[in-house]
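**Q** Sharing a structure below in structure tokens format, with a few things to ask.
Each value in this text was obtained by applying a stated rule to the coordinates, not by laboratory testing. These numbers come from a predicted model, not from an experiment. Ideal geometry is used to build each Cβ from the backbone, glycine not excepted, and the neighbour counts take in all protein chains shown.
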Amino acid sequence: MPAFWTEDRLFISNALDNQIDLWNLETGQVIKTLEGHQSLITNLVLSDDGSTLVSAEEWGDTIHLWDPATGENLGVYRAYIYRGEAKGLAISPDGQLIAEGESARGRNPGVVYRRDGLDNNRWLYQLPGENGYRDPVFSPDGQKVVSFFGVTTIAISRAETGELLHKLEVGEDLGEGLAFFPDGQTLAIGTQTGTVQLWDTDTGTLLDTLNNGVRNNYYVSSLVYSPNGQILAMGMYDLKLRFGALIPTVELWDVEQGVLLGTIEDYQGNIIHLEFSPDGGLLATASLDGTMRLWGIPSE
């Protein structure tokens, strides 16, 4: 994931090269650059308290930990991943657990480390299933970790032990979007048919499905809830036109009413990441057209 908001309103972005830029939104200027990677950075994750940033690169088999406030590199660690692939990454809200996807080549979804176990390259447990190159997700309370179990199945595990709690049979080919509702109970899961399923992670039951009935060929590439949980932003692109003409889209949904509020279609490349500002007033969208844009979100 290439972009994050921090508590002091700084914006962290992956410049699609081997460095990380920290932006001040008020001035539109880069205030700090983090250097140390040797190849294209493919993933970034930030702890909820903003104290730890984790990054991975395409041609390296290591991850880097950073202090975003100072730019200090906190350590470089050999990771459970292949070279030459995008890597799945997630960090628990308190920054103490780090989940790594193995890569598209591997048969396991990856592993979970304790931060204090990185020095010895000793993981806490392996995540179940397959499709490890897609990003796992920790619940907001840090009690659960969600990973891709297979082409149509999501696994929910206990974050501290790896105990499998539920397997969610989505019934459709999965996209890449996973997002927890702020209360940590409801999980939004994107598919390759333009739909998003809402699941209760405590009981493992399907609650609802969001689909505007038009974009049946669209691949859901990113999902994010607004901080108050009232809006779910859904990034998509036309799977059939993935390597040709592109019609990328962001949809904004009223989750409680199940109503589509509006769409954003102003790109020349696939949407790869979405992020709300802490107050929910802005939505950041990153695209493979090389841009990152900010959109005002009207309050109710």
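**Q** How would you rank Tyr77, Tyr218, going from fewest to most other Cβ atoms within 10 Å of each one's own Cβ? Each step should come with its number before you reach the end.
**A** Working: Tyr77 20, Tyr218 28.
Final ranking by Cβ density, sparse to dense: Tyr77, Tyr218.
**Q** So if R0 is 35 Å, what FRET efficiency would Leu282 and Leu124 give, r being the distance between their Cβ atoms, rounded to the nearest 0.05?
**A** 0.45
**Q** When the Karplus curve 6.51 cos²θ - 1.76 cosθ + 1.60 is applied with θ = phi - 60°, which whole-Hz ³J(HN,Hα) does each residue of region 170-183 get, with x for Gly and Pro?
**A** Once θ is set to phi - 60°, the couplings for region 170-183 become 6, x, 9, 4, 7, x, 10, x, 9, 8, 8, 4, x, 7 Hz.
**Q** Still on this structure, I have one more. Quick one: which residues, 5 or more positions from Lys32 or on another chain, have an amide H under 5 Å from its amide H? H modelled 1.01 Å from N in the peptide plane, none for Pro or chain starts.
**A** Leu22
**Q** Calculate, for Glu265 and Ser39, the FRET efficiency according to 1/(1 + (r/R0)^6) with r their C-beta to C-beta distance and R0 30 Å; round to the nearest 0.05.
**A** The computed FRET efficiency comes out at 0.40.
**Q** Taking H as built 1.01 Å from N, whose amide H comes closer than 5 Å to the amide H of Thr193, not counting residues under 5 places away?
**A** Distant-sequence amide H within range of Thr193: Val220.
**Q** Fewest to most neighbouring Cβ within 10 Å: what's the order for Glu58, Glu100, Glu275, Glu176? Don't skip to the answer; put the middle values down first.
**A** Numbers: Glu58 17, Glu100 26, Glu275 23, Glu176 20.
Listing Glu58, Glu100, Glu275, Glu176 from fewest to most nearby Cβ atoms yields Glu58, Glu176, Glu275, Glu100.
**Q** In whole Hz, with x marking every Gly and Pro, tabulate ³J(HN,Hα) for region 118-128 from phi via Karplus 6.51 cos²θ - 1.76 cosθ + 1.60, θ = phi - 60°.
**A** 5, 4, 9, 6, 10, 7, 6, 6, 8, 6, x
**Q** List every residue whose amide H lies under 5 Å from the amide H of Lys144, counting only residues 5 or more places away in sequence or on a different chain, with H placed 1.01 Å from N in the peptide plane.
**A** Those lying under 5 Å, H to H, from Lys144 are Ser139, Ala159.
**Q** Can you give the FRET efficiency for Asn228 and Leu207, using 1/(1 + (r/R0)^6), R0 = 22 Å, r = Cβ-Cβ distance, to the nearest 0.05? Working shown, then result.
**A** Numbers: r = 19 Å, r/R0 = 0.84.
The computed FRET efficiency comes out at 0.75.
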